[in-house]
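Participant: Quick one: the structure is below, questions incoming.
We did not get these values from a lab; they are worked out from the coordinates using the rules stated. Predicted model, so just to flag it, every value in this text is computed and none were measured. Glycine also receives a Cβ, built like all others from the backbone with ideal geometry; neighbour counts cover every protein chain displayed.
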Amino acid sequence: MGLGKTIACVSLIAATLNSAQVFAASPLNVPSPPLPNIDSLDPSHFAGTVWSMPTSEGSSHRAQAKASKNHEKMEAVYSRASRLKAKSRATLVVCPLSTVSNWEDQFREHWRGEVSVFGGSGGTCLPSTPSQSLLQSSLSFGAVDTQPEVKVGRVRQGTHLRVYVYHGNARRPDPTFLADFDAVITTYATLASEFSKQNRGATTADDEDDDCNSSEGVGGVDIDEHGNQVLRLPKTKKGGLKRKKPSALACNGTPETISPLQSIHWFRVILDEAQ
């Protein structure tokens, strides 16, 4: 608290505006899907099935675990990249709800140019001159003095900063829209909520896809060649975790619910009070 972290971040955004523009203008590269995990195959996989096949212990298990871990990491990177829809010059600020207003105030106070804040619970907040605010206050209270004393305010010279507060029920979940700002402020609760919906959508799509392809595994009653009833037991599903597909589709064609925040390749991500 009070170490100037927010001001340092605002200064960093100001110092890298040109780099952010170049980053946003570059093409969005999607990596190729990872190849099947065949690096972990060694002679120990065929022990007992091929005559005189050597066996190895210790090091082979460690090598298999390392190869499996690397393959899972590659799959996670590919799954993340498959969800990207756009590149943005914006800096994504993730913070608690209690500090959202502080970020807005810091941007307005320390940015050299004009600052426009959109979204959030307050809607659109556009900068206003001191004369306009004083004139509105005088009219609201029925003041007679038509020439109120106007104090000379701060002269803003610099790049116009556009900030969007991605929070609340009125937020706009459009990746293309969000990518056109210089800074996007959201909360940990919003990020966690959308990520949870995304995971539930992928799991549901995988379950429905399994249901579509598992008609043979449903139990029932069959009639044998002698006319006797034979009970057919349902096939049990294999254990283990399911791999979530990058763009899973259910039987009815319902796409996976992807979080807009995870559909953008941000220029920078700031985690405020991440503890």
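Participant: Work out from phi, with θ = phi - 60° and the Karplus expression 6.51 cos²θ - 1.76 cosθ + 1.60, the ³J(HN,Hα) of each residue of the stretch 180-190, listed in order in whole Hz, and give x for Gly and Pro.
Facilitator: The phi angles translate into 9, 10, 8, 8, 10, 10, 9, 10, 5, 5, 5 Hz.
Participant: Here is a further query. For a quick check: with amide H placed at 1.01 Å from N, whose amide H comes under 5 Å from PHE118's, ignoring anything fewer than 5 positions away on the same chain?
Facilitator: Placed amide hydrogens put CYS125, VAL163, TYR164, VAL165 under 5 Å from PHE118.
Participant: Can you give me the distance in nm between label points at LEU271 and ASN169, each placed 7 Å from the Cα along the Cα-to-Cβ direction?
Facilitator: A separation of 3.1 nm, rounded to one decimal place.
Participant: I would also like to ask the following. Would you mind getting me the FRET efficiency between ALA81 and THR176? Use the beta-carbon distance for r and R0 = 22 Å, nearest 0.05.
Facilitator: For ALA81 and THR176, the calculated efficiency is 0.80.
Participant: Something else about it: Using a Förster distance of 41 Å, how high is the FRET efficiency between HIS61 and THR159, based on the Cβ-Cβ distance and rounded to 0.05?
Facilitator: Once the sixth-power term is evaluated, E becomes 0.10.
Participant: Compute the distance in nm between two label points, each set 7 Å from the Cα along the Cα-to-Cβ direction, one at ALA8 and one at THR99.
Facilitator: With each label point 7 Å from Cα toward Cβ, the separation is 1.2 nm.
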